[in-house]
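Asker: Here you go, one structure.
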Amino acid sequence: MRPVFRSSEQNIDNTGATLVTTQLQALIDETAAAGGILILENGTYQTASLFLKSGMEFHMEENTVLLGTTDESQYPIIDTRVAGIEMKWYPGVLNVNDQKDVVISGGTVNGQGEYWWSKYWGDDMQGGMRKEYDARGLRWACDYDCMRVRNVVVMNSSNVTLKDVTSTRSGFWNFHVCYSHDIHIDGVKITSCGTHSPSTDGIDIDSCHDVLIENCVTSCNDDSICIKSGRDGDGIRVGRPCHDITVQNCTILAGFGVTIGSEVSGGVYNVTLKNLSYHGTDCGFRIKSSIARRGYIRDITVDGLEMTNVKYPFHLFLNWNPAYSYCSLPEGYTGEISDSWKALLTPISDDEPMTRVENITIRNVHADNTPDYDGISRAFHIEGFEEQPIRGLHFENVKLRCKEFGVINYTEGIRFENTEISVYSARDAKNDEYDNR
């Protein structure tokens, strides 16, 4: 029988009034050494980064909150990967790095996102570092230089289970799983929604394999569930694809949809999305890349999507957000160039082909709008590259009722079987632009 350790036995403050990182980490280390189960009992625990160890279970009771401190001096700076680039950055509030056989369950991780969002956008949500970088022609660098804490990070680990954990108010991505395999994410909830909560992705699976995500609910202000494999030259250098990923039986609320990309430089293949329910989401199934990404996306199965009031049921756009996606120094720039900038600015060989997207099957999909819905409603926004069209896109048993049909450009071998599309308005050209923040 595994030994059980309880936070109450250590007299750790659970009011959230004081920082308890050192006490919690000591208890984690003791539990791991014994191969035991740590139960964090009801209460609020203010903490900086915690690092779980192999062979342990970390269980938070229903009313337990890990409250990420906003004192940045308390967070270490470590080697990690951020938005597809290997660099030094903050870890998460809760971390599993270089470990195996770990279970995390229950409770809530609260990143106190407003502090981090203000760092990016300013107190008035119109300034901050982003305004400064835009003015200097450095939009592409801001997301990397504006260091913000993720809520949960699993890095270079295996046989990790995340079950029934709630993530809220994350400073950056909510759940980031990178360079890992045999991961099970079951019943987690993401509630990092807010108009001004930048880059609060729900679940990011990054250069991983053999991952199952199921029974989750997401509400955020970026990609709901996202599959990635590195950005541009750095992603090509690392060369670790993301493959054998299944997402099933999830509810997708506010957010940008279930997405592959934009960081696909290492390649993505063998992905299955099935039995997903959407309501009020920006996109249903989404692919995004850019000329600089290269890489590939292939052998994708999408089966059983039910969408209500979704702006773009299918948004497959390979030249996404140029201001963010294309990195170049402003003319006459004489400032410092950090290591992360060097990675972003690394030239890519012309021998690397643009992102190749092929063999995608989409079946058993229904999308409609409620009578009172008056938002964007575009059935298709599909656009490959002229030199590299999207190939082998197959729709089967699909029924869509939308305001506008949309656009389909640069595809080869697209097929529709038993597909019914009802369009009750004309094309609105302003909806050609989406998510160029």
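Asker: Return the pair list, or none, for Cβ contacts closer than 6 Å from residues in segment 215-244 that are in contact (Cβ under 8 Å) with a residue 12 or more places away in the chain to residues that are hydroxyl-bearing (Ser, Thr, Tyr) and open to solvent by 30 Å² or more (accessible area, probe 1.4 Å), at least 6 apart or on different chains.
Answerer: Cβ pairs passing all conditions: Val217/Thr251; Ser219/Thr191; Gly233/Thr346; His243/Tyr269.
Asker: Do we find that Ala26 is open to solvent by 30 Å² or more (accessible area, probe 1.4 Å), part of a strand (DSSP E or B) and either of a type in the set (Gly, Ala, Ser) or farther than 21 Å from Phe175 by Cα (or both) in this structure?
Answerer: Criteria not met by Ala26.
Asker: Can you pull out every residue in segment 352-365 that is β-branched (Val, Ile, Thr) and part of a loop (DSSP other than H, G, I, E, B)?
Answerer: Within segment 352-365, Thr355 is the sole residue that qualifies.
Asker: Among strands (runs of 3 or more DSSP E) lying entirely in segment 366-420, which contain 3 or more residues that are surrounded by fewer than 19 Cβ atoms within 10 Å (Cβ to Cβ) and among the hydrophobic types (A, V, I, L, M, F, W, C)?
Answerer: 404-409
Asker: Output the number of residues of segment 1-23 satisfying the condition of being of a type outside the set (S, T, N, Q), more than 29 Å from the chain's Cα centre (by Cα), closer than 18 Å to Leu67 by Cβ and open to solvent by 30 Å² or more (accessible area, probe 1.4 Å).
Answerer: 2
Asker: Only residues in segment 68-95 that are under 14 Å from Val109 (Cβ atoms) and of a type in the set (Val, Ile, Thr) count as the first member; pair them with residues that are part of a strand (DSSP E or B) and open to solvent by 50 Å² or more (accessible area, probe 1.4 Å), Cβ under 9 angstrom, at least 6 apart or cross-chain, and list the lot.
Answerer: Thr69/Leu19
Asker: If only one of Asn159, Asn151 is modelled with pLDDT of 95 or more and more than 18 Å from the chain's Cα centre (by Cα), which one is it?
Answerer: Asn159
Asker: Can you name the condition, by its number, that Phe58 falls short on among (1) surrounded by fewer than 22 Cβ atoms within 10 Å (Cβ to Cβ); (2) among the aromatic types (Phe, Trp, Tyr); (3) assigned to a strand (DSSP E or B)?
Answerer: That leaves (1) as the condition not met.
Asker: Please work out which one of (1) within 30 Å of Ser199 (Cβ to Cβ); (2) open to solvent by 80 Å² or more (accessible area, probe 1.4 Å); (3) in contact (Cβ under 8 Å) with a residue 12 or more places away in the chain is the condition Glu433 fails and give its number.
Answerer: (3)
Asker: Looking only at strands (runs of 3 or more DSSP E) that fall completely inside segment 70-139, which ones have 1 or more residues that are among the hydroxyl-bearing types (Ser, Thr, Tyr) and under 27 Å from Glu41 (Cα atoms)?
Answerer: Here the list reads 100-105, 108-110.
Asker: Looking at (1) open to solvent by less than 10 Å² (accessible area, probe 1.4 Å); (2) in contact with a Lys or Arg (Cβ under 9 Å, 6 or more places away or on another chain), which one does Ile236 not meet, given that it meets all the others?
Answerer: If we test Ile236 against (1) open to solvent by less than 10 Å² (accessible area, probe 1.4 Å); (2) in contact with a Lys or Arg (Cβ under 9 Å, 6 or more places away or on another chain), just (1) comes out false.
Asker: Report, by residue number, each residue of segment 159-172 that is open to solvent by 10 Å² or more (accessible area, probe 1.4 Å) and either at negative phi or not basic (Lys, Arg) (or both).
Answerer: Asn159, Thr161, Lys163, Asp164, Thr166, Thr168, listed by residue number.
Asker: Need a quick list: strands (runs of 3 or more DSSP E) entirely within segment 269-319 having at least 1 residues that are at pLDDT 95 or above, small (Gly, Ala, Ser) and under 18 Å from the mean Cα position of the chain (by Cα).
Answerer: Because the criterion is at least 1 residues that are at pLDDT 95 or above, small (Gly, Ala, Ser) and under 18 Å from the mean Cα position of the chain (by Cα), the strands (runs of 3 or more DSSP E) in segment 269-319 that meet it are 283-288.
Asker: Do we have any residue at all in segment 96-103 that's over 21 Å from the mean Cα position of the chain (by Cα) and either farther than 24 Å from Val4 by Cβ or free of Cβ contacts under 8 Å to residues at least 60 places away in the same chain (or both)?
Answerer: Within segment 96-103, one or more residues are over 21 Å from the mean Cα position of the chain (by Cα) and either farther than 24 Å from Val4 by Cβ or free of Cβ contacts under 8 Å to residues at least 60 places away in the same chain (or both).
The values are calculated or read from the model by the stated rules, or taken from the named source; none is laboratory data. The shown structure was predicted, so the numbers you read here are calculated from the model rather than taken from an experiment. We place every Cβ from the backbone using ideal geometry, glycine too, and count neighbours over all the protein chains shown. These accessible areas exclude ligands, DNA and RNA; they are computed on the full protein's heavy atoms, side chains included. Shrake-Rupley method; radii C 1.70, N 1.55, O 1.52, S 1.80 Å.
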